[in-house]
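The values are calculated or read from the model by the stated rules, or taken from the named source; none is laboratory data. None of the values given here were measured: they were computed from a predicted structure. Here the Cβ positions follow ideal geometry from the backbone for every residue, glycine too, while neighbour counts run over all protein chains shown.
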């Protein structure tokens, strides 16, 4: 008997079109957030901000972003992910456009809060689309491909926007131009994406055979297991809170370094705007490879064990981050080599760190585990740039030293590595006795 999968071989695969579109739209999301960080040294100079004020503004983005994680997922479940993404991209595009007009510290804080809150409503709906459009056999590949958007974006964007800034002689016009990709993103969502496959079947853009194949691999509401007190099961697991701290450190290192790397190259090493833009892109180009390799190692080499990959990432990152801030000025080849190593080992962990809840917790409670841990982890993105801003040492003759900043990031990698040693990857059953306060694995 011919199955839905057999029939699928004869038709197009529209679900991959949907995936590519939401991937492209999420890169547009990164255009807006990465541009502010790339131009941070220029914005500081233009607005007369101290390093601490710039760090506060950068960090407040992630505070608002973390809060929005919860409301974004809630809205996607109730009004549909496409509508939430429409609202998100329209509002954060507007905030990005307004960024070109800011004149003082108050303006800077307001646009950072607005951008973080509205962009935060984009991530969860995107994953909701993947959940609706991909059967369980393809969710890993779909989610993995989507994740590369936060490697591709920072790799490409600094080159484009620094070229535009150099052409106009100012960073401000770049934010006006960034309204264009936002409008393109809205049009792409409108034409190609729907909340569910059956909507596209009715429009005649995909076959019923593909919709049947997708539906056959998606767990329906009636088929889902029920777990009474599922949130309590997660909350009582001591390893969950260890994992939350590990994710906190992971995101703190990534976004802390992402926030300050352009300032580090521009102010400590004196690179020109164009050269800085090219160098900033380098670790994210390497990150694309690292994310793929990390996921492959987790699945194929370590048999779905995340700890070996996490330890490899954190332990090697410790000396890399430590030495990064100590490189003497003028040692360009050394800077390039360390940027490559930082890009690879800091990002090697991403596939494994987000796979951990899927391996540790049952299907019935994994949503709660991912939602709470990612919200908690995003506060690391808020704290790290803020603290780093106070660790920058301004030089009397101009420029600044970021040595203490990278020592701080290295210390966070130490904490992540130590806690990872104690993580349990033994699957946790959903029927945890009420008398147990922790899970013994």
*Could you run through region 90-116 and say how many residues are touching a helix residue (DSSP H, G or I) at 6+ places or on another chain (Cβ under 6 Å) and either closer than 21 Å to residue 73 by Cβ or surrounded by 19 or more Cβ atoms within 10 Å (Cβ to Cβ) (or both)?*
14
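To keep it simple, each residue is scored yes or no on (1) over 24 Å from the mean Cα position of the chain (by Cα); (2) closer than 30 Å to residue 353 by Cβ; (3) crowded, with 22+ Cβ neighbours inside 10 Å; (4) free of Cβ contacts under 8 Å to residues at least 24 places away in the same chain.
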position: 118; (1), (2), (3), (4): no, yes, yes, no
position: 145; (1), (2), (3), (4): no, yes, no, no
position: 155; (1), (2), (3), (4): no, yes, yes, no
position: 162; (1), (2), (3), (4): no, no, yes, no
position: 174; (1), (2), (3), (4): no, no, yes, no
position: 185; (1), (2), (3), (4): no, yes, yes, no
position: 199; (1), (2), (3), (4): yes, no, no, yes
position: 206; (1), (2), (3), (4): yes, no, yes, no
*Within the group 42, 24, which residue is modelled with pLDDT of 85 or more, out of contact with any helix residue (DSSP H, G or I) (no Cβ under 7 Å at 6 or more places or on another chain) and either part of a helix (DSSP H, G or I) or closer than 30 Å to residue 215 by Cβ (or both)?*
42
*Looking for whichever is modelled with pLDDT of 90 or more, more than 30 Å from residue 79 (Cα to Cα) and either outside the structural domain of residue 95 (by TED's automatic domain parsing) or out of contact with any strand residue (DSSP E or B) (no Cβ under 9 Å at 6 or more places or on another chain) (or both) here; the options are 180, 174, 156. Which one fits?*
174
*Can you find a residue in region 102-109 that is within 23 Å of residue 180 (Cβ to Cβ) and outside any helix (DSSP H, G or I)?*
yes
*Quick one: would you say residue 280 is closer than 30 Å to residue 169 by Cβ and within 19 Å of the chain's Cα centre (by Cα)?*
yes
*Output the residue which, of all residues in region 326-364 that are surrounded by fewer than 21 Cβ atoms within 10 Å (Cβ to Cβ) and not in a helix (DSSP H, G or I), is modelled with the lowest pLDDT.*
362
*asked:* Suppose the filter is in contact (Cβ under 8 Å) with a residue 60 or more places away in the chain, under 17 Å from the mean Cα position of the chain (by Cα) and in a helix (DSSP H, G or I); does residue 86 pass it?
replied: no
*asked:* Please verify whether residue 393 is within 19 Å of residue 290 (Cβ to Cβ), modelled with pLDDT of 75 or more and surrounded by fewer than 20 Cβ atoms within 10 Å (Cβ to Cβ), treating the condition exactly as stated.
replied: no
*If you check residue 252 against the conditions, is it at pLDDT below 90 and part of a helix (DSSP H, G or I)?*
no
*Does residue 321 meet the test of being buried (at least 17 other Cβ atoms within 10 Å of the Cβ), within 18 Å of residue 404 (Cα to Cα) and at pLDDT 95 or above?*
yes
*In region 38-53, what residues are surrounded by fewer than 24 Cβ atoms within 10 Å (Cβ to Cβ) and either within 17 Å of the chain's Cα centre (by Cα) or closer than 20 Å to residue 273 by Cβ (or both)?*
41, 42, 43, 44, 45, 46, 47, 48, 49, 51
*Taking interchain pairs and intrachain pairs at least six residues apart, which have beta carbon atoms under 7 angstrom, with the first residue in region 253-269 and outside the structural domain of residue 53 (by TED's automatic domain parsing) and surrounded by fewer than 23 Cβ atoms within 10 Å (Cβ to Cβ) and the second modelled with pLDDT of 85 or more and assigned to a helix (DSSP H, G or I)?*
254/346; 265/279; 269/335
*Kindly indicate which of 229, 270, 225 is closer than 30 Å to residue 54 by Cα and modelled with pLDDT under 85.*
270
*Identify the residue in region 309-338 that is under 19 Å from the mean Cα position of the chain (by Cα) and in contact (Cβ under 8 Å) with a residue 60 or more places away in the chain and, among all such residues, is farthest from residue 261 (Cα to Cα).*
310
*assigned by TED's automatic domain parsing to the domain that holds residue 251, without any contact (Cβ under 8 Å) to a residue 40 or more places away in the chain and over 18 Å from the mean Cα position of the chain (by Cα), is that true of residue 398?*
yes
*Given (1) under 22 Å from residue 43 (Cα atoms); (2) part of a helix (DSSP H, G or I), where does residue 170 come up short, assuming only one miss?*
(2)
